[in-house]
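None of the figures in this text is laboratory data; all of them are computed from the coordinates on show. All values reported here derive from a predicted model rather than from experimental measurement. Cβ placement follows ideal geometry from the backbone for every residue including glycine, while neighbour counts extend to all protein chains displayed.
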Amino acid sequence: MRRLALAVPGLAILAIASWMLLIGQVVAQKPGSIELFNGQNLNGWYSYLKGRGKGADPKEVFSVKEGLMRISGEEWGAIATEKEYGNYKLTMEYGWGGKVWPPREKSARDSGLVLHCTGKDGAHSDSWMYGLQVNMIEGGTSDLSILGKSTEYNFESAAEERPASGKKGWYFKEGAPNHTFGPAERLLWGDKDPNWTNTLGFQSPKEVEKPAGQFNTMEVVAKGGTLRVTLNGKLMTKASGLKVQKGKIQFQSEGAELLIRRLSLEPLD
C-alpha cells in the first residue's frame with residue numbers, strides 16, 4: 001500500500017510514484033476535464049491568511065513539494081480557485097501528513113473542502129469564504145456543514161437523529177425523511193462514531209478514511225441543487241435543495257498538514 005510521507009523532507013520517496021500517477025491521469029483524462037492541480041505549481045489558485053490577507057504567504061503555508069500540493073496548516077486561512085465552477089464531478093486524492101500545529105497539536109487533524117464559495121475572502125473568522133463545507137477531519141470526513149452564517153447555503157438531506165458525542169446529531173441515512181440544515185447544524189456521515197471526540201488520530205470503528213500516511217480518494221458530484229460525496233468508494237453524504245449552485249473551490253488551513261496529489265474536475269453541463 002502506497003503511503004504518504006509524514007514530513008516534508010520525506011516527500012522525496014513519493015516523487016517518482018506521484019509523477020507516474022499524474023502521467024497516467026493525463027492519458028486517461030476525459031475530454032473537457034480540468035486538472036485543477038497540475039503537480040508543478042499553484043497556477044489558478046490564490047491564498048488568503050488570517051491577519052495577512054490575500055496573496056501574502058511568507059511561511060509557504062501553501063506550496064508544491066515533490067508533485068504534491070501541500071497545505072501545512074501552520075496558519076489559519078485558505079487557498080481558493082481563481083475561477084468559479086458549477087455542475088461538476090470533483091475527484092481528489094489526498095492524505096494527512098504528520099505535521100500538526102498549536103493550538104491543535106492534540107486535536108483531530110482538520111481541514112475542509114468548501115464548495116460554491118461566494119462573497120468576500122476571509123468573511124468567516126478572517127480566514128475563509130462562505131460556502132458549503134465538505135468537512136475533512138479525522139473521524140468526521142464527509143460531514144456536511146455551512147461555513148458562515150448565510151442561510152442561502154441551507155440544504156436538505158435524508159437524515160436520522162441519534163446520539164452524537166454526548167448530544168444529539170443528524171446522521172445521513174438513505175430513505176429517511178428529509179431534514180433541513182442551517183448554519184448551526186451539521187449532517188454527519190452515516191457510520192460516524194457516536195462517541196467521536198476531537199482527538200489526534202481518531203477513527204470510527206467503521207471508519208472509511210485511511211489513517212495519516214495513506215492516500216484517500218474523494219469524489220464530489222455537484223449538479224443543480226444537489227451534492228453527493230463518496231469517500232474511498234462509499235457513499236457518505238448527500239444534499240439537495242441548494243440555492244447557491246456555483247462558486248469558487250476552497251481548501252482550509254486549520255492546524256494540520258494536508259497533502260493532495262490529484263485534483264480534477266469533470267464538467268457535467
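With the contact rule set at Cα under 8 Å and sequence spacing of 6 or more, what percent relative contact order holds for the range 8-263?
Answer for the range 8-263 is 28 percent.
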Residue-normalised 222 nm signal for the chain, counting each DSSP H run of n ≥ 4 as -39,500 (n - 2.57), nearest 500 deg cm²/dmol, is -1500 deg cm²/dmol
proj_area_mean for the chain (convex hull on C-alpha atoms), units nm², value 13.4
Going through LYS54/LYS210; LYS54/LYS192; LYS50/LYS248 one by one, the pairs whose alpha carbons sit over 29 Å apart turn out to be LYS54/LYS210; LYS54/LYS192
The chain, dipole about Cα centre (Lys/Arg Cβ +1, Asp/Glu Cβ -1), debye to the nearest 20: 120
With T = 4 °C, eta = 1.567 mPa s and Kirkwood Rh from C-alpha pairs, the Stokes-Einstein D of the range 72-168 in µm²/s is about 84
Each residue of the range 231-247 in order: what ³J(HN,Hα) in whole Hz does its phi give by Karplus 6.51 cos²θ - 1.76 cosθ + 1.60, θ = phi - 60°, with x for Gly and Pro? 10, 6, x, 10, 5, 9, 8, 9, 9, 9, x, 6, 7, 7, 10, 7, x
Placing one identical point scatterer on every Cα of the range 127-181 and ignoring solvent, what is log10 I(q)/I(0) from the Debye formula at q = 0.29 Å⁻¹? -1.23
For the range 102-117, 3J(HN,Hα) per residue [Karplus equation, 6.51 cos²θ - 1.76 cosθ + 1.60, θ = phi - 60°, Hz, x = Gly/Pro]: x, x, 10, 6, 10, 9, 4, 4, 9, 7, x, 9, 10, 10, 6, 6
Order of 88-95, 210-217 by packing, highest average Cβ count within 10 Å first? 88-95, 210-217
Among LYS65/LYS173; LYS89/LYS120; LYS99/LYS120; LYS65/LYS223, the pairs whose Cα-Cα distance exceeds 31 Å are LYS65/LYS173; LYS65/LYS223
